[in-house]
Amino acid sequence: MTIFHYQHQDSTVSVKIDPDADGYQVTIGNKTYRVVQHNQAAHCIDFSVDGAYKQVRFSSDSASDERKMWFAGQQWQLAKVDPHRESRRANAQAESGALTASMPGQVQEIVVGIGSTVQKGDTLLVLEAMKMEMRVNAPIDGVVASIDCAIGDVVARGQALVVLT
């Protein structure tokens, strides 16, 4: 059995893969699917899910563990995550008040200014990735000490955005 964790939009999705006689039992969230792989070529996999033929195309960046997938007429951007690392990072952010980008994106809106008093959960800024908005919220009560980005900036995963004191 292998378990992968991916960041998609604002949530982490767990994918459990159990090999069986001629395929896999794949569990995503609370749904389990019977998957049989037919062919795999460069950046394309043909497979059946519960007997229905499917095809997925993908690209990946092995340096950052990011994946783009095209499946069923939609594009998905996933980032492989270590749930333990994310938990440690979230705890460190909550203690220090330093916020970083959880995935690459473009800064669309900055809601606060330096010196603003914020409460835990307040929106500080909005990022856009793959035409999806992600709100960056205050992990603690505090005062905005610095804003390390500007509207229109393209930020990398892990890049500093805002520091609260």
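Okay, here's what the table says:
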read-out	value
Some residue of the range 56-65 being at pLDDT below 80, under 14 Å from MET130 (Cβ atoms), surrounded by 12 or more Cβ atoms within 10 Å (Cβ to Cβ) and not assigned by TED's automatic domain parsing to the domain that holds GLU128	no
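Yes/no matrix, rows are residues, columns are (1) over 30 Å from ASP148 (Cβ atoms); (2) in a helix (DSSP H, G or I); (3) at pLDDT 85 or above:
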position	(1), (2), (3)
GLN37	yes, no, yes
GLN40	yes, no, no
SER48	yes, no, yes
ARG67	no, no, no
MET103	no, no, no
GLY113	no, no, yes
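The values are calculated or read from the model by the stated rules, or taken from the named source; none is laboratory data. Not measured: the values here are computed from a predicted model. Cβ atoms come from the backbone with ideal geometry, glycine included; neighbour counts cover every protein chain shown.
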